[in-house]
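Bear in mind these aren't lab numbers, they're just calculated from the coordinates by the rules spelled out. In this text, all values refer to a predicted model and were calculated from it rather than measured experimentally. For neighbour counting, all protein chains shown are included, and Cβ atoms are generated from backbone atoms with ideal geometry for every residue, glycine included.
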């Protein structure tokens, strides 16, 4: 977009959520086209450049993916902003009835994907992920633990995490909805939790 763009740090979920999505109603199949993705990339780039005082900036590709993930679900439905029961995406995936799991999956590859995803979480997302999926605390307890005034703060972060998950897993063998393996998914989540736990022990 501009040869003299300034490098900036990866945006937070709060930053991305404040940027309006230019399409009122769209499905994943329609989004997943070159011209549409380029249009969305240009819109995001222009909005972020405006935020930085109309100075051209380099936008991380993961910021684009995360931003789209806040608004479009992997299966073609708009991402729900509220969940009356507060059920997690991960538990929902594990509880769904799917085709029988295949016996083979590449454990090293799944672990690598888990590490990659963990490293893409913000500090706040890491804290919420560890409590939500590592301890199974209720939403209210997570909010209390992290100092939120109410459950909505923690719930918003969980929704951001799940938006990232949907896009990250969309085409991965053994982890995508069309090629789901329960054991591989559990290893993926356990790897993320292990990375977050080890990071917390570093001085």
Exercise. Calculated FRET efficiency, residue 190 and residue 15, Cβ-Cβ r, R0 35 Å, to nearest 0.05?
Worked result: 0.70
Exercise. Using the 10 angstrom Cβ neighbour count as an exposure proxy, how do 107, 149 rank, fewest first?
Worked result: 149, 107
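Between residue 38 and residue 171, what is the FRET efficiency for a Förster distance of 22 Å, r being their Cβ-Cβ separation, to the nearest 0.05?
0.70
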Problem set entry | Rounded, prolate or oblate (a/c below 1.5 giving rounded, otherwise prolate when a/b exceeds b/c) for region 136-203 by Cα gyration tensor | oblate
For this session: Please list 48-61, 132-145, 184-197 highest first by mean number of surrounding beta-carbon atoms within 10 Å per residue.
Result: 184-197, 132-145, 48-61
For this session: Return the distance in nm (one decimal) between the two label points of a simple spin-label model at residue 145 and residue 178, each offset 7 Å from Cα along Cα→Cβ.
Result: 3.6
